[in-house]
Amino acid sequence: MKKNKNNANQHVAIIGGGIAGLEAARALLGLGYRPVIIEKSDRTGGHVADWHRLFPDMSPAKDIVERLRRETEGARTLLQTEIYAAGRLGNDYTLTLSDGNTLRAGAVLFSTGFDLFEAAKKEEYGYGIYDQVMTNADLERWFNGGGDKRLDGKEIRRIGFVHCVGSRDVKAGNAQCSKVCCITAIKQAIEMKEKFPDAEIWCFYMDLRLFGKKYEDFYIGAQRDYGIHFIRGRVSEVSENIEGRVIVKAEDTLAGKPVKVSLDVLVLMSGMVCNRQVHGLACQLSLGVDEDGFLKSRDNIASITESDNRGIFYAGAVTGPKTVPETLAEARSAALSIHAYLSAQ
Amino acid sequence: MMEFGFSLSPSSAVDLDKVDTSRFDRLVEMEPQARICIGCGSCSATCTAEPYSGMSVRKVLLGLQRGRDAEVDRMLAACMLCGKCTMVCPRGINTRHLILSLCRISGKGKEGKA
Ligand SMILES: Cc1cc2nc3c(=O)[nH]c(=O)nc-3n(C[C@H](O)[C@H](O)[C@H](O)COP(=O)(O)OP(=O)(O)OC[C@H]3O[C@@H](n4cnc5c(N)ncnc54)[C@H](O)[C@@H]3O)c2cc1C
Ligand code: SF4
Ligand code: SF4
Ligand code: SF4
């Protein structure tokens, strides 16, 4: 595609410096724009910067984050910066930033991502109550070398994974499937079996949703090569016994029998839920919010990266649970849509 | 003992801490494919013996991992080794061969062997 010559100084505001924001910035730089990344935390990379190895290739998450950071060095990146107010001015948008400056941009990209479901809200699973209960995100941090007293120096013989924590749960306010946690559970179960070869591992699932390339291979491998047990049934409750293990109760719905098992560590697959913090901004710009709280695309088939408002675009988990490759593809797609939009101005 | 007019039924709950899976473990050594069953039920649906006897490869594999040995043996006794289940298994498990191996482990004679 021809680079944008006339509008080389046109700014594109990218709200959120996760992989979606970074990949879009990289593509926009290549097209001759000047993206400005506005990131509320003290570093870019979003959630992926917390992960260790990524399914389906087990590639280090660090590699992709560091590459994207390198390739977006030409973009202005404002860390620890939030947007106080946003409005339209002629064809442009003006954003009032928390550092006191105002940014004028020809187009705005929302790449504000998702929030991890707060596992403590599902009190029956005992997160924050029992010392043996952790989340998928805690485990990734531990894989990355961050110590964790739930695992360090402990004899780990029995491990459980609970799928769908805060997802597919109308009572928890999230009817949607988080999409990545079935495969994440299997990935983490395999990684735990590698760390603790003598451990027995059980995954408690409602359905196994392994839609992506190589995901089913992971599942077969987990069963065949690692002997991981899969029990179809949602964990109903967790309690602690006198030996310092947690007892998990579920129904094995394939056997039609209740089961219980005692575990040294239980990992909760916290789901991807909407980032409520952006609702205020979305409201100021009259953007639609879907029933699940994620921002609403113009349509979910042909224009997932477009909003109903001219000049406002989406990429990544801001519109719903996404994998890394999906997020990156959307970011590149949004950058092209932004280019087409600004070129036509 | 005093009769109260009711009795307690034993709990049907499976305590995975106590289940003896040694028969399943031995089966896995002989038939590693035993682990990759996804519980789809194709085998049971196609089995000619199932409607009359309850034979189900799916339930056999699950039963072995849930300590339901008596049930497993009852089911095995009904198998005719016709091999229909092997044709339909989407995971490509050689279920017929698996049943034979299991009979060997269990000391139950199929084909006249004990
Ligand atoms: C436990 C777990 C493991 C996963 N593992 C994998 C994997 O192995 N492979 C894979 O393909 N996918 C994986 N995923 C999915 C992956 O995390 C997402 O695809 C990815 O994070 C989406 O990127 P994003 O940039 O859209 O959102 P995010 O990663 O959420 O980034 C959003 C960014 O925007 C910033 N932000 C938010 N609101 C504002 C605001 N108002 N103003 C300024 N900045 C803001 C945030 O601070 C953050 O930096 C996993 C998900 C989970 C939950
Ligand atoms: S991906 Fe799996 S664990 Fe996650 S919400 Fe969907 S069904 Fe549940
Ligand atoms: S081999 Fe046995 S289990 Fe399989 S279909 Fe025939 S009778 Fe049924
Ligand atoms: S057909 Fe194969 S995968 Fe399906 S339940 Fe039977 S043995 Fe398991």
*Using a Förster distance of 45 Å, the FRET efficiency for A:D57-B:D69 (Cβ separation, nearest 0.05)*: 0.60
*Relative contact order for region B:22-109 using alpha-carbon pairs under 8 Å, separation at least 6, rounded to a whole percent?*
35
*Which angle from 0 to 90°, rounded to the nearest 10, does the C-alpha axis of helix A:215-224 make with the longest principal axis of chain A?*
20
*asked:* Ignoring everything except DSSP H segments at least 4 long, calculate the 222 nm mean residue ellipticity for chain B; use -39,500 (n - 2.57) per segment, divide by total residues, nearest 500.
replied: -12500 deg cm²/dmol
*Relative to a virtual label point 7 Å from the Cα of A:E155 in the Cα→beta-carbon direction, which members of region A:167-205 show backbone nitrogen distances below 15 Å?*
A:197-200
*Solvent-accessible area per residue, Å², over the protein assembly as shown with all protein chains present [probe radius 1.4 Å]*: 47
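For the peptides B:4-17, A:202-215, what is the packing order when you average, over each peptide's residues, the other Cβ atoms within 10 Å and list the highest mean first?
With the highest mean Cβ count within 10 Å placed first, the list reads A:202-215, B:4-17.
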*Roughly how many whole Å is it from the C-alpha centroid of region A:192-267 to that of region A:59-119?*
39
*asked:* Less than 13 Å apart at the alpha-carbon level, and either on another chain or at least 8 residues along: which aspartates and glutamates does that give for A:K149?
replied: A:D131, A:D138, A:D264
*asked:* Taking each residue in A:230-243, count the Cβ atoms of any other chain within 10 Å of its Cβ, then average. What number comes out?
replied: 1
_Between A:R310 and B:F4, what's the calculated FRET efficiency when r is the beta-carbon distance and R0 is 60 Å? Round to 0.05._
0.15
_As I understand it, the value is the acute angle between the Cα axis of helix A:181-195 and the longest principal axis of the Cα atoms of chain A; what does it come to in degrees, rounded to 10?_
60
*Among rounded, prolate and oblate, which fits region B:22-109 when a ≥ b ≥ c are the square roots of the eigenvalues of its C-alpha gyration tensor, a/c under 1.5 means rounded, and a/b larger than b/c means prolate?*
rounded
*Express the carbon and sulfur contribution to the solvent-accessible surface of the protein assembly as shown as a percent, rounded to the nearest whole number, probe 1.4 angstrom.*
50
*asked:* Give the average, rounded to an integer, of partner chain Cβ atoms located within 10 angstrom of each Cβ in B:18-31.
replied: 1
*Mind running the shape call on region A:116-272? Use the C-alpha gyration tensor, a ≥ b ≥ c as the square roots of the eigenvalues: rounded below 1.5 for a/c, prolate if a/b tops b/c, oblate otherwise.*
rounded
*Against the longest alpha carbon principal axis of chain A, how many degrees, from 0 to 90 and to the nearest 10, is the axis of helix A:324-343 turned?*
10
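Under the rule a/c < 1.5 gives rounded, and otherwise a/b versus b/c splits prolate from oblate, where does region B:1-51 land using the Cα gyration tensor?
Oblate shape, in that a/c is at least 1.5 and b/c is the bigger or equal ratio.
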_Starting from the 7 Å offset along Cα-to-Cβ, what nm value, one decimal, do you get for the label separation of A:T94 and A:K121?_
3.6
_Cα atoms only: what Rg and Dmax, in Å, come out for the protein assembly as shown?_
27.0, 98
*Calculate, for A:K40 and B:V88, the FRET efficiency according to 1/(1 + (r/R0)^6) with r their C-beta to C-beta distance and R0 41 Å; round to the nearest 0.05.*
0.15
*For the protein assembly as shown, give the share of DSSP beta bridges that are antiparallel, in percent and rounded to the nearest 5; count only bridges with both residues there.*
45
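The values are calculated or read from the model by the stated rules, or taken from the named source; none is laboratory data. The structure presented is a predicted model; accordingly, all values stated were derived computationally and were not measured. A quick note on method: Cβ atoms are made from the backbone with ideal geometry, for glycine too, and the neighbour counts reach across all protein chains shown. Just the protein is used for accessible areas: all its heavy atoms, side chains included, with ligands, DNA and RNA removed. Shrake-Rupley method; radii C 1.70, N 1.55, O 1.52, S 1.80 Å.
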